[in-house]
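Quick notes on the structure that follows.
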Amino acid sequence: MALFLVQHGTSVPKEIDPECPLTDEGRDTVERIARSAAGHKIEVSLIKHSGKTRARQTADIMAYFLKPPGGVQEVSGLNPLDDVTLVAKGLPGAENVMLVGHLPFMERLVSYLITGATDRIVVKFQNGGIVCLDRA
């Protein structure tokens with residue numbers, strides 16, 4: 001199983017738009033990265049996102065290029081301050097899945113999965129970037 005973790009693309013500040021949609025630059029970056037992932041034959045069975053506008057938009061762009069058979073699904077537990085241990089316990093065993101969410105959640109999840117602790121940051125995310133953890 002490979003787990004692909006994506007921090008949403010750059011978004012509009014909530015002072016300008018409370019929904020925080022992707023900026024044009026954020027959309028362009030996510031499209032470029034998604035196109036590159038598709039070109040490298042990245043396969044995911046399902047893309048899950050937090051439900052926040054910027055995460056949903058990022059997930060939809062990724063799905064457009066990666067075409068996951070299970071589509072795109074909104075799930076709870078991927079918000080910035082959610083408990084990463086709950087998501088870690090529910091990870092599928094055999095399928096490649098992509099999770100689209102927020103900081104600090106994504107960095108804390110990677111830390112937990114690699115070190116068993118949420119406070120040991122081992123990966124620095126960038127907006128729209130993909131981190132892959134593969135269980136051999």
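A short reminder: the numbers here are calculations on the coordinates, not readings from a lab. Bear in mind the structure is a predicted one, so any value in this text is a computation, not a measurement. Methodologically, a virtual Cβ is constructed for each residue, glycine included, from the backbone with ideal geometry; neighbour enumeration extends over all protein chains shown.
Before moving on, here are some points about what is shown:
- Applying 1/(1 + (r/R0)^6) with r as the Cβ-Cβ distance of Val123 and Val75 and R0 = 25 angstrom yields a FRET efficiency of 0.70.
- Sites matching trypsin sites (Lys or Arg not before Pro) across the stretch 90-136 that sit in DSSP coil, with at most 15 neighbouring C-beta atoms within 10 Å: Arg120, Lys124, Arg135
- P(r) for the chain, from all Cα pairs and a bin width of 10 Å, is 13, 47, 34, 6, 0 %, short bins first.
- Under a Gaussian network description of the chain, with springs only between Cα atoms under 10 Å, the residue in Gly71, Gly116, Gly26 that fluctuates furthest is Gly116.
- Look at the alpha carbon pairs under 8 Å that are at least 6 residues apart: their mean separation over the length of the chain gives a relative contact order of 36 percent.
- Distance in nm between pseudo-label sites at Ser45 and Glu15 (7 Å out along the Cβ direction from Cα): 4.5 nm
- Dividing the summed -39500 (n - 2.57) terms of all DSSP H runs of n ≥ 4 by the residue count of the chain sets its mean residue ellipticity at 222 nm at -10500 deg cm²/dmol.
- Working from the Cα coordinates of the stretch 30-89, the gyration tensor eigenvalues give, after taking √(5λ), semi-axes of 22, 13, 10 Å in decreasing order.
- In the elastic network of the chain, a GNM with C-alpha springs shorter than 10 Å, the most mobile of His102, His49, His40 is His40.
- Per DSSP, loop GluC sites (Glu not before Pro) in the stretch 58-136 with at most 14 further Cβ within 10 Å: none
- In this simple spin-label model, placing a label point 7 Å from the Cα along the Cα-to-Cβ direction at both Tyr64 and Ala2 gives a separation of 2.2 nm.
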